[in-house]
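Below: the structure, in structure tokens.
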Amino acid sequence: MYMSEIQLNDPQTLYRRWEDAQWSPFDVDLAKDKEQWPGIDPAVREIIFFALSSLMVAEERITTKFTGLVAAHGSEEEATFLSTQQVDEARHMQFYARFRDEVIAEPAAIAAHVERARDQVSDSFRHLFDEALVREHDNLLADPGDLATKVRFVTLYHLVLESTLGLTTFKFVTDYLNEEGLLPGFVDGYSKIHHDETRHIGYGVWFLRETVRAHPEQADSVREILRELLPSVAESLKPPSNGNGSGELLGVTEEDIRDFALGGLTRRLKLIGVPLDTVFA
């Protein structure tokens, strides 16, 4: 998402957009998905299951490790918008759990889904969500008034997890499913989730841009968390092997994924005022 007019994405505007964008995870039609799932090539089904596992782990963490940011709000408008984001994340988790219940036919409590999903994801993915996010959220809860701590959390949450990882995963998973005419209900629900996430990312870019403008020294807080975590991001974005050693998965190469992720991160950092080439300088 390229945001050339960042002032349009202040928290009050984003709250108004949230009011106009309500949807229910239980209204998405999964009938076609139920028909298709048993007949999908097992290798492709395994890839979709891997992606879904990653999404389940991510949504559980970003739902439960967010209250610190609400507590660190700088205005009533910001607090209002951030409260809507936590509702969004819980809705996303409900959709993924429903898909596993009804399409993959593995009914379970959400906690059981998440634990099973955690066994499927990589160590680098677990480092981002189970270690770094938990650490930064604990720091924010301990000192919600510390600006550098808030900047680090928003950089990690909105710039690394939601945009660099989240938008990249969305693009390549839905591109493939659309091209093959597969799982239209999953694509519909995932697209609604994507719409929510772009609104969240709009907040993150707005906050970091405004903060760096007012407090230029906070650019170092952005750089610090990026330097620490971008290697884990790169590792997490590597597709699982398809068994033939070609490095391609569903027609997508590791280079395709890296270029898309890096391009989006580069644009957002330019808007914030912390160019990517200064991160590792």
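So here's what we get for this one:
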| quantity | calculated |
| --- | --- |
| Per-residue [θ]222 nm for the chain (sum of -39500 (n - 2.57) over DSSP H runs n ≥ 4, rounded to 500) | -21000 deg cm²/dmol |
| Cα long-axis angle, helix 219-236 against the chain (0 to 90 degrees, to the nearest 10) | 10 degrees |
| For peptides 265-278, 61-74, sequence by mean Cβ density within 10 Å, most packed first | 61-74, 265-278 |
| Two-decimal ratio, the stretch 116-186, of alpha-carbon radius of gyration to 2.2 N^0.38 Å | 1.43 |
| Cα-based Rg and Dmax for the stretch 8-273, where Dmax is the largest Cα-Cα distance (Å) | 18.3, 56 |
| Dipole of the chain, positive end: most advanced residue of Ile48, Ala234, Thr278 [Cβ charges, Cα centre] | Thr278 |
| Listed residues Gln218, Gln86, Gln22, most fluctuating in the chain (Gaussian network, C-alpha, under 10 Å) | Gln22 |
| Centroid-to-centroid separation of the stretch 182-222 and the stretch 19-62 [C-alpha atoms, Å] | 21 Å |
| Viscosity 0.692 mPa s, temperature 37 °C, Stokes-Einstein D of the stretch 177-225 from Kirkwood C-alpha radius, µm²/s | 248 µm²/s |
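Rule-based calculations on the coordinates, nothing more; no lab input. The structure presented is a predicted model; accordingly, all values stated were derived computationally and were not measured. Note that we place each Cβ from the backbone using ideal geometry, even for glycine, and neighbour counts take in every protein chain shown.
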